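Written below as structure tokens is the structure these notes are about.
Please treat every number below as a calculation from the coordinates, not as lab data. Just so it is clear, the structure is predicted and the values come from calculations on it, not from any experiment. Quick reminder, even Gly has a Cβ in these numbers, built from the backbone with ideal geometry, and neighbours come from all protein chains shown.
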Amino acid sequence: MFIGMKVSGLTIDPITNTPIVILKDESEQKVLPIWIGVFEASAIAAVLESISFARPMTHDLMNEMLRVLEVSVTKIEIHDLRNNTFFAYVYLEKDGSVIKVDARPSDAIALALRSESSILVDEKVIEKSRNISMDRKLADPDNLQEDQTKEFLENLSPEDFGKYKM
């Protein structure tokens with residue numbers, strides 16, 4: 001079953017200095033941290049902070065091309081997690097036909113924010129994400145046990161995140 005989620009914020013993994021996008025369900029009971037690239041974090045942060053650029057950035061260009069071609073992004077789905085890698089689809093609609101396109105979750109999220117599309121996550125992905133190896137979590141694996149890390153991630157609130165520094 002898929003759950004509707006929103007981007008709760010962006011943060012930086014203090015161990016790896018890798019950006020993390022945090023997704024939360026509407027009741028803020030389920031949390032999904034996804035480690036992403038710097039450029040994708042910048043693209044997501046631009047939308048979250050309502051920053052516009054003089055020239056279109058890649059995700060803005062993609063969104064504008066789809067608009068001009070009269071193709072709408074209906075939703076994105078983060079549908080799997082394998083070997084610590086998340087997998088997503090972008091659903092496009094043109095003249096009543098739906099096309100499913102494979103995408104990195106970070107790109108899909110950046111596009112969903114621009115097109116104001118739904119972000120859906122399969123419940124199995126949320127469950128699998130709790131088992132991601134500890135070297136990618138927000139804490140030092142030598143100092144924090146897995147159960148403590150899970151509890152920490154599940155209890156994150158929007159106030160826990162500062163603005164993403166570009």
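For region 91-99, in order, what is each residue's ³J(HN,Hα) by Karplus, 6.51 cos²θ - 1.76 cosθ + 1.60 with θ = phi - 60°, in whole Hz (x at glycine and Pro)?
Computed from phi, the couplings for region 91-99 are 9, 10, 10, 9, 6, x, 9, 10, 10 Hz.
Using a ≥ b ≥ c from the Cα gyration tensor of region 1-51 (square roots of the eigenvalues), is it rounded, prolate or oblate, where a/c under 1.5 gives rounded and otherwise the larger of a/b and b/c decides, a/b for prolate?
oblate
Specify whether the C-alpha gyration tensor of region 2-132 places it in the rounded, prolate or oblate class, a ≥ b ≥ c being the square roots of the eigenvalues: rounded for a/c under 1.5, otherwise prolate if a/b is larger than b/c and oblate if not.
oblate
Counting only the backbone N, which residues of region 106-125 are under 13 Å from the spot 7 Å out from the Cα of T74 toward its beta-carbon?
Inside the label zone: 118.
Net charge around V47, counting only other residues with Cβ within less than 11 Å of its Cβ (Lys, Arg = +1; Asp, Glu = -1)?
-2
Calculate one ³J(HN,Hα) per residue across region 119-124 by plugging θ = phi - 60° into the Karplus curve 6.51 cos²θ - 1.76 cosθ + 1.60, and present them in order as whole Hz with x for glycine and proline.
10, 10, 10, 5, 4, 5
Using the Karplus curve 6.51 cos²θ - 1.76 cosθ + 1.60 with θ = phi - 60°, what ³J(HN,Hα) values do you get for each residue of region 104-116, in whole Hz, with x for Gly and Pro?
6, x, 4, 5, 4, 5, 4, 6, 4, 5, 5, 9, 6
Can you figure out the FRET efficiency of E28 with R104, using R₀ = 25 Å and their beta-carbon distance, to the nearest 0.05?
0.50
Going through the cross-link list K100/K128; K24/K94; K6/K75; K30/K128; K75/K100, which pairs have a Cα-Cα distance over 21 Å in this structure?
Listed pairs above 21 Å: K100/K128; K24/K94.
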